Amino acid sequence: MQEYYRKIQEAARHIKEQMPYPPLTGIILGSGLGDAMAAVSWDLTLPYSSIPHFPGTSVKGHAGELRIGRISGHPVVVQAGRFHYYEGHDMRTVTFPLRVLHALGIRGLVVTNAAGGLNDAYHDGLLVGISDHINMFPDHPLRGLNDNRFGDRFPEMAGAYTPRLLERFLAIGRELGIAVESGVYLGLPGPSIETPAELRFMKMIGADLVGMSTVPEVIVAKQLELDVLGVSIVTNMCFPDTVTEENMHTKVLEVAGKAALDLFEILKVLLEETL
Ligand code: HPA
């Protein structure tokens, strides 16, 4: 644990030596979301390979770099490329970058992902503000000795998705004429896609969205007392009784890439308000 803390501090120190200003908000980009921010001119871009103790990414659609810049004047640090549990990383590795962003001084986190839609009212390309989650990962990022420098041994999870940010996300979306909903995200280890019986079960227990990320990071963010906005892009609807032959990952990247532009429009307004 001491070692983990030291590695986080070393990575943060390396970034701090180069960063032009301290970021206030961290943004974790999900699959296929990277291109939406192509119009931002970054003041610092650091490949993960240049940062001490950062692992490498292997997933298509995930760049593998940290970017610092301003969106509507608001200083942000973007984690472009995340580490997934299904890649074989343990939970400490999955949440390492977020802990480094926290060590840089962020107060808030915007965490995005591509997800399957379980709620019949959803459709491909819809943006869904996450209201809560169901954790079905077989491991936990806070398992093991608790380092009190990170926070409580038994952190509360109610309110992990900051209600005020979710409300603003929904209101801004509607003002801009962008379709938005809210819902509960269920996190699974993957990498296999759910069976029809699993999909029926997930709907039954109250999930609106299913995906393979986000939950570990949000648990850590809550322990670190960060404000969190979680947004899923519904890249495919999950119908238990329809067998699809299409390549899931290709579709995920395509649909997410388009909807991410709308998401970015909402974030521009939200970040300007929270200056
Ligand atoms: N299942 C799990 N993860 C996903 C899906 C899905 O249908 N779509 C995007 N990520």
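The values are calculated or read from the model by the stated rules, or taken from the named source; none is laboratory data. Computed from a predicted model, the values in this text were never measured in an experiment. Counting neighbours? That spans all protein chains shown, and the Cβs are built from the backbone with ideal geometry, glycine included. With ligands, DNA and RNA removed, areas are computed over all heavy atoms of the protein, side chains included. Shrake-Rupley method; radii C 1.70, N 1.55, O 1.52, S 1.80 Å.
A search for C-beta distances below 7 Å between a residue of the range 183-197 that is among the β-branched types (Val, Ile, Thr) and open to solvent by 30 Å² or more (accessible area, probe 1.4 Å) and any residue that is modelled with pLDDT under 95 and near the ligand (Cβ under 9 Å from one of its atoms), counting only pairs 6+ apart in sequence or on different chains, returns 193/248.
Would you check if residue 164 is surrounded by fewer than 17 Cβ atoms within 10 Å (Cβ to Cβ) and outside any loop (DSSP other than H, G, I, E, B)?
yes
Among residues that are within 16 Å of the ligand (Cβ to nearest atom), in contact (Cβ under 8 Å) with a residue 12 or more places away in the chain and in contact with a helix residue (DSSP H, G or I) (Cβ under 8 Å, 6 or more places away or on another chain), residue 44 is not included. Return the residues of the range 97-156 that are among the charged types (D, E, K, R), open to solvent by 60 Å² or more (accessible area, probe 1.4 Å) and assigned to a loop (DSSP other than H, G, I, E, B); say none if nothing qualifies. Hits for the range 97-156 are 107, 120, 124, 143, 149, 152, 153, 156. For first residues located in the range 202-224 and under 16 Å from residue 110 (Cβ atoms) and open to solvent by 10 Å² or more (accessible area, probe 1.4 Å), partners that are acidic (Asp, Glu) and away from the ligand (no atom under 16 Å from the Cβ) and lie 6+ apart or on another chain with Cβ distances below 8 Å form the pairs 222/156. Working only within the range 1-43, note down all residues that are assigned to a helix (DSSP H, G or I) and farther than 18 Å from residue 96 by Cα. Within the range 1-43, 17, 18, 34, 35, 36, 37 meet the criteria.
Taking the residues in the range 44-66 that are modelled with pLDDT of 75 or more and either assigned to a loop (DSSP other than H, G, I, E, B) or closer than 19 Å to residue 85 by Cβ (or both) as candidates, determine which candidate is nearest to the chain's Cα centre (by Cα).
Just the residues of the range 44-66 that are modelled with pLDDT of 75 or more, to begin with: 44-55, 64-66.
Still in the running and either assigned to a loop (DSSP other than H, G, I, E, B) or closer than 19 Å to residue 85 by Cβ (or both): 48, 51-55, 64.
On the way: 48: 17, 51: 20, 52: 22, 53: 21, 54: 17, 55: 17, 64: 14 Å.
In this case the residue turns out to be 64.
For the range 186-216, filtered to residues that are near the ligand (Cβ under 10 Å from one of its atoms) and outside any loop (DSSP other than H, G, I, E, B), the residue that is nearest to residue 119 (Cα to Cα) is 209.
Of all residues in the range 15-41, those satisfying the criterion of being away from the ligand (no atom under 16 Å from the Cβ) and in contact with a helix residue (DSSP H, G or I) (Cβ under 8 Å, 6 or more places away or on another chain) are 15, 16, 19, 22, 23, 25, 26, 27, 35, 36, 37.
Would you mind stating whether residue 178 is assigned to a loop (DSSP other than H, G, I, E, B) and either open to solvent by 10 Å² or more (accessible area, probe 1.4 Å) or within 26 Å of residue 268 (Cα to Cα) (or both)?
When the stated conditions are applied, residue 178 passes them.
Here residue 244 passes the criteria (1) open to solvent by 10 Å² or more (accessible area, probe 1.4 Å); (2) away from the ligand (no atom under 11 Å from the Cβ); (3) at pLDDT below 95; (4) closer than 25 Å to residue 134 by Cβ except the one numbered (2).
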